[in-house]
């Protein structure tokens, strides 16, 4: 049951077709995310459902970390923006003083995991200088990352944005874009996940302030529901249409992002990141962001993903789940379940 009690989730979509088709058929194949009715009625319904799910106080049970209340983070306009655009920012979702403590520890995690990240980058990029270093699933090895990945605020926010009652954690990552790293190519998260679902969302949490020059995410708005490009990609390409300019030269961003702000994007939303544009002497260690991806419980596992670069994220569980069956495994824990009424 979603957050649309009076209207089907497909109401906003063309002819009731599935909500989440990406641009992948009209973008070049990429590796390593480079090369590689009344709106008022709906908004009111959203607010009523959100209040009912979270409780009259609007507070989520807090474990370890301290967070702001859910209603201030998820208004009806926030939910509608995500539904329509495929991405949204939640300002002040986490308290800066608590996130700073987490950030210091996650920088240490990134340093500890650096060798593995560099080895993965070397395997999946054709360049000597990959556009970022990625640490897969630090929550499996580091308590601080697990505390963040399984925090009620992040997981409950993910469920609210997707309009589902229960979400599982698919993966979490650290993305370290260093001074001098190039932009990150356009991609969608579900291209690299062996999941058959339209209900997945990723939170992108910068661990320090990120200005426009600091390598924020850029999004292709509404790309999570762009059925036209999916249907007519071949003909459009013959007319010279289809490819986007790089992130930073096109796309929409939510910068500046303060400590405690987060952005969220749908699993089919095409996104990328610009290069860090400040001088290396001013960039310090670069930009570190934490991400966690959640998906609706009940999604089916696939034999493999469309693109293979995220194999380290799922190789430990995929061989133990039969294709075409629900993606249920101890490495895909339930992160949030709607409390019983």
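The table below gives the values:
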| read-out | value |
| --- | --- |
| Residue that is over 17 Å from residue 189 (Cα atoms) and surrounded by fewer than 23 Cβ atoms within 10 Å (Cβ to Cβ), where the choices are 227, 257 | 227 |
| Residue that is at pLDDT below 95, closer than 30 Å to residue 224 by Cα and surrounded by fewer than 15 Cβ atoms within 10 Å (Cβ to Cβ), where the choices are 72, 76 | 72 |
| Residue, farthest from residue 277 (Cα to Cα), within segment 190-223, restricted to residues that are touching a helix residue (DSSP H, G or I) at 6+ places or on another chain (Cβ under 7 Å) and assigned to a strand (DSSP E or B) | 200 |
| Of residues in segment 84-132 being in contact with a helix residue (DSSP H, G or I) (Cβ under 6 Å, 6 or more places away or on another chain) and buried (at least 22 other Cβ atoms within 10 Å of the Cβ), the one nearest to residue 251 (Cα to Cα) | 88 |
| The lone exception for residue 156 - which of (1) under 24 Å from residue 287 (Cβ atoms); (2) at pLDDT 90 or above it fails | (1) |
| Qualifying residue in segment 245-266 (condition: more than 20 Å from the chain's Cα centre (by Cα), over 25 Å from residue 159 (Cα atoms) and not in a strand (DSSP E or B)) | yes |
| Test: residue in segment 313-335 that is within 28 Å of residue 129 (Cβ to Cβ) and buried (at least 19 other Cβ atoms within 10 Å of the Cβ) | yes |
| Cβ-Cβ under 7 Å pairs, at least 6 apart or on other chains, segment 172-198 side at positive phi, far side at pLDDT below 95 | 180/280 |
| Index of the failed condition, residue 147 passing every other in (1) in contact with a strand residue (DSSP E or B) (Cβ under 8 Å, 6 or more places away or on another chain); (2) on the phi < 0 side of the Ramachandran plot | (1) |
| Single residue of segment 89-108 satisfying the filter (farther than 19 Å from residue 172 by Cα and outside any helix (DSSP H, G or I)) that is farthest from the chain's Cα centre (by Cα) | 95 |
| Condition broken by residue 171, with the remaining ones in (1) surrounded by fewer than 22 Cβ atoms within 10 Å (Cβ to Cβ); (2) outside any loop (DSSP other than H, G, I, E, B) satisfied | (1) |
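Each row is one residue, and each column tells you yes or no for (1) closer than 14 Å to residue 266 by Cα; (2) within 16 Å of the chain's Cα centre (by Cα).
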| position | (1), (2) |
| --- | --- |
| 199 | yes, yes |
| 204 | yes, yes |
| 208 | no, no |
| 211 | no, no |
| 216 | no, yes |
| 224 | yes, yes |
| 229 | no, no |
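The values are calculated or read from the model by the stated rules, or taken from the named source; none is laboratory data. Here the structure is a predicted model, which is why all the values come from computation and not from measurement. Quick reminder, even Gly has a Cβ in these numbers, built from the backbone with ideal geometry, and neighbours come from all protein chains shown.
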